[in-house]
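Every read-out reported here was derived from the displayed coordinates using simple, explicitly stated rules and does not represent laboratory data. What you see is a predicted model; the values in this text were computed from it and never measured. When we count neighbours, we look across all protein chains shown, and the Cβ atoms used for this are built from the backbone with ideal geometry, even at glycine.
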Amino acid sequence: MKRSKRSFIDNDFYDREAAYWWSDSESPLAIIRYMMNPIRFAYVIRQLVELSYDYRSRRVLDIGCGGGFLTEEIAGEELSFADNSFDMVFCLDVLEHVRDYRAVVSEISRVLVPGGFCFFETVNRTILSYLVVIFFMQEFPLTRVMPAHVHDWSYFIKPGELTRAIRAGGMRVEDMRGVLPGLSFVYNLPRLPRLVADTINFRDLCNLFRCHESIFKNLCYVGYALKPPTGRR
């Protein structure tokens, strides 16, 4: 899917809210810290343990890390590092914010050492993601908790599109699985107006909408790719 040049994503939002990255409840950034980061961290550690991968003393790049929940932010589609610089790259909640995610994937592959890993997490481009991320969280007055334009649905990436970009970049997907809020999601939707009315904080909201891994990738998905050792594909 070709992204429209007229599309606008307000990535400056993360700079404006920078003072709240480590705040408990005052900012929507708490959603990243308390709702998304626990499942990302658990996924990464489990995969590394299953691979018997000793991650101590490894060179790691965290792209677009914001407050450093999972380091300083690196902006843009080009990474100012030499080839084969890192053993692992984290690219979590980033690809749906850049104009050319394929270029980012290509740069990740370039800076990874052969045999290195890239962990990714992003949002699928589906009706469900439009309803949850765009309509309910950004647009509908009674439930919106994020400013307008923080996300643009046209920038969301289908798993097949990302898989093809990863292959084109010289890597291969080793694992990919969905991320969904719990079954209590629909039940708790009526509580969102309480957040708008300042009767519930973001940390409590995240506890209500705690996410889990799923076989369904209709909303968000997480996974990792391998840059094959030299001479292997």
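Side notes on the structure shown:
- With the simple model of a label 7 Å out from the Cα in the direction of the Cβ, R177 to E50 spans 0.6 nm.
- Long-range HN-HN contacts of V150 with modeled amide H, under 5 Å: D10
- Here H212, H97 are placed in order of increasing Cβ neighbour count within 10 Å, fewest first, which gives H212, H97.
- Here's how it looks for R125: its modeled amide H is under 5 Å from those of I157, K158, which are all 5 or more places away or on a different chain.
- Footprinting exposure proxy for C118, C91 (fewest neighbouring C-beta atoms within 10 Å first): C91, C118
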